[in-house]
1. Using θ = phi - 60° and the Karplus form 6.51 cos²θ - 1.76 cosθ + 1.60, what ³J(HN,Hα) does each residue of region 151-162 get, whole Hz, x for Gly and Pro?
2. Would you please classify the overall shape of region 191-307 from the alpha carbon gyration tensor, given that a ≥ b ≥ c denote the square roots of the eigenvalues, rounded means a/c under 1.5, and beyond that prolate means a/b larger than b/c while oblate covers the rest?
3. With a probe of 1.4 Å, find how much accessible area region 238-305 has per residue, and write the answer as a whole number in Å².
4. Over region 97-304, calculate the relative contact order: mean separation of alpha carbon pairs under 8 Å at least 6 apart, over the residue count, as a percent.
5. Would you mind telling me the antiparallel percentage of the DSSP bridges in region 97-304, rounded to 5?
6. Enumerate lysine pairs in region 97-304 that are 8 or more residues apart or on different chains, then count those whose Cα atoms are under 12 Å apart.
7. Please report the accessible area of SER209 (heavy atoms, 1.4 Å probe, ligands and nucleic acids excluded) in Å², nearest 10.
Amino acid sequence: MATELRCLDSMPCHNQQVNCASTPNPEPQQPGELIPDHAGGNSDFAGKLALLRGRVSSSSVPAERDSQACGGATLNSESNGGTGNSDAPASDSLLGDCELSWQIGAQLKLLPMNDQIRELQTIIRDKTASRGDFMFSADRLIRLVVEEGLNQLPYKECMVTTPTGYKYEGVKFEKGNCGVSIMRSGEAMEQGLRDCCRSIRIGKILIQSDEETQRAKVYYAKFPPDIYRRKVLLMYPILSTGNTVIEAVKVLIEHGVQPSVIILLSLFSTPHGAKSIIQEFPEITILTTEVHPVAPTHFGQKYFGTD
């Protein structure tokens, strides 16, 4: 199941050691000395302990955070052109992403991070990866996102009979789902959806930036005629600014689709892109594998061999 973004708490053991070291004890404990018992006249000891705990809870967030905090976003030198320099300390940047995740809330869902997903992300980002390895890794990651996207759709209970005559209580999808790909990179996710849902209907939207205004403009849209009654899996692998997706959702709304039934399937997202979409449409659901300041915007060109 996808997990909501959560920020890791500070490391209490680490903080406690630092604060103990910075708070001199006027009466150091001698070797073998027993810690005073709280049952008799130890109000001073209890007060010091409470003060220490207060300092621990109010201590600053340590720089040594888990690299997967806030959805696995690792703020490394890639976000600065590989120079390794940053305008702000790493801990400050990570804290900004944590604050962003709390602002977005449950609408943004991440696949649980593991070594398999991390390797696929690495191959897709690697400029030296061959196109064959790139497509193979992309298709695998797409399949994982699509499978999790299907978990967000409604099911209903059903009863089937096994070959041995046993009655088995299971579940099946409720009817009324469809996919919509944002051309052209979104078309890379269509086969992954068809592999999981053979007869699902898929619509298309073509959105490009206007040469004069540089704003996203809709050039083509084709949907199932009853799309207003369906749950929509909107497919777009890379969320950079979020403008393209925002325009696509507006087109779906014009065709009677409610934002609450739209699930956006994406492979990579920037914090700005996800936040922009959620601010525009608070009821939409975004499912992705990673939130990172730098998105692999070369995805579509390399996948279709036009790089």
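1. My calculation for region 151-162 gives 5, 7, 8, x, 10, 9, 6, 8, 10, 10, 10, 7 Hz in order.
2. rounded
3. Values: 2280 Å² over 68 residues.
Ligands and nucleic acids excluded, the figure is 34 Å² per residue.
4. That works out to 23 percent.
5. The antiparallel proportion sits near 35 percent.
6. Qualifying lysine pairs in region 97-304: 6.
7. Rounded to the nearest 10, the figure is 80 Å².
The values are calculated or read from the model by the stated rules, or taken from the named source; none is laboratory data. On a predicted model such as this, the values are computed, not experimentally measured, just so you know. The area values use the complete protein model at the heavy-atom level, side chains included, leaving out ligands, DNA and RNA. Shrake-Rupley method; radii C 1.70, N 1.55, O 1.52, S 1.80 Å.
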